[in-house]
Amino acid sequence: MIPLPKYPEGANLLRNKVVVVTAAAGTGIGSAVAKRALEEGARVVLSDWHERRLAEKAAELGDVHAIACDVTQEEQIQALLDGAAERYGRIDVLINNAGLGGTNSIVDMADDEWARVIDVTLNGTFRATRAAVNRFIAQGGGGVIVNNASVIGWRAQAGQAHYAAAKAGVMALTRCAAVDVAEHGIRVNAVAPSLAMHPFLAKVTSEELLTELTAREVSGRAAEPWEVANVMVFLASEYSSYLTGEVVSVSSQHA
């Protein structure tokens with residue numbers, strides 16, 4: 001097994017940038033990227049639909065601004081971006097982390113189960129992207145969007161038809177949106193993690209499946225959420241100034 005590397009120190013990659021992160025409460029990638037953005041000098045706005053967990057995460061991180069938001073509701077997305085801009089004067093980066101999973105065979109999957117995953121994971125990313133790029137344009141151009149996709153958007157996995165379709169859609173949305181807004185100096189990229197371990201994932205996933213998924217990783221272990229967050233911070237920073245419309249696989253899976 002490849003050992004876990006040392007947690008990196010901040011290097012001001014996002015100094016004075018205003019970064020909005022959706023689905024940032026809890027213990028997964030969203031909260032990890034919010035923490036990394038803070039460590040890289042950003043002013044961070046946390047968002048999540050779960051108000052209690054959001055307040056707890058904001059208290060844990062410290063110098064952040066928290067705004068509750070359900071990405072299935074257009075008016076709440078607008079309120080999130082309005083609130084962030086009112087607090088800090090502008091928005092520089094949107095990290096679309098909100099997503100909803102689940103496991104069920106296509107044989108048994110109901111319409112509402114399919115629709116809910118698509119609405120949160122794909123439509124929510126679309127709504128927030130649309131709102132953010134229009135705000136970036138109104139600010140005079142520039143700005144970055146980083147979407148959270150998944151290797152499941154490329155690779156089949158039993159019981160994941162809805163989630164895989166949504167994440168493949170996020171990848172396509174990323175590429176097309178990047179072309180649409182390039183003339184305004186706006187960049188849109190995505191990460192596609194394979195397996196990032198955190199307590200919630202362990203709670204909702206069987207030990208057997210986690211063992212199987214881990215076995216696919218040549219590293220011999222799952223990623224830590226902050227390892228995925230590091231790549232998202234890179235994509236949000238000027239170190240990736242020439243990258244747009246790209247989906248970066250954050251994975252050690254066998255080819």
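Just a few scattered comments:
- Test: residue in region 235-249 that is outside any helix (DSSP H, G or I) and at pLDDT below 95: yes
- Look at region 226-255: where a residue is on the phi > 0 side of the Ramachandran plot and a partner is among the charged types (D, E, K, R), sitting 6+ places away or on another chain with Cβ atoms under 8 Å, you get GLY245/ARG175.
- Residue match in region 98-117 (condition: free of Cβ contacts under 8 Å to residues at least 12 places away in the same chain and in contact with a helix residue (DSSP H, G or I) (Cβ under 9 Å, 6 or more places away or on another chain)): yes
- For region 122-154, taking the residues that are among the charged types (D, E, K, R) and in contact with a helix residue (DSSP H, G or I) (Cβ under 8 Å, 6 or more places away or on another chain), the one that is surrounded by the fewest Cβ atoms within 10 Å (Cβ to Cβ) is identified as ARG135.
- Considered as a group, the residues in region 10-33 that are within 17 Å of LEU235 (Cα to Cα) and free of Cβ contacts under 8 Å to residues at least 40 places away in the same chain include one that is surrounded by the fewest Cβ atoms within 10 Å (Cβ to Cβ), and that residue is ASN16.
- The residues in region 24-49 that are of a type outside the set (Phe, Trp, Tyr) and touching a Cys at 6+ places or on another chain (Cβ under 9 Å) can be counted, and the count is 2.
- Residue selected from region 46-57 under the condition in contact with a helix residue (DSSP H, G or I) (Cβ under 9 Å, 6 or more places away or on another chain) and within 11 Å of SER31 (Cα to Cα), by the criterion surrounded by the fewest Cβ atoms within 10 Å (Cβ to Cβ): LYS57
Every residue, every condition in (1) within 20 Å of GLU86 (Cα to Cα); (2) at pLDDT below 95, yes or no:
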{"position": "PRO5", "(1), (2)": "no, yes"}
{"position": "ALA11", "(1), (2)": "no, no"}
{"position": "VAL21", "(1), (2)": "yes, no"}
{"position": "THR27", "(1), (2)": "no, yes"}
{"position": "VAL33", "(1), (2)": "no, no"}
{"position": "ALA58", "(1), (2)": "yes, no"}
{"position": "GLY62", "(1), (2)": "yes, no"}
{"position": "VAL71", "(1), (2)": "yes, no"}
{"position": "GLU74", "(1), (2)": "yes, no"}
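The values are calculated or read from the model by the stated rules, or taken from the named source; none is laboratory data. This structure is a prediction, so every number in the text was calculated from the model and none was measured. Quick reminder, even Gly has a Cβ in these numbers, built from the backbone with ideal geometry, and neighbours come from all protein chains shown.
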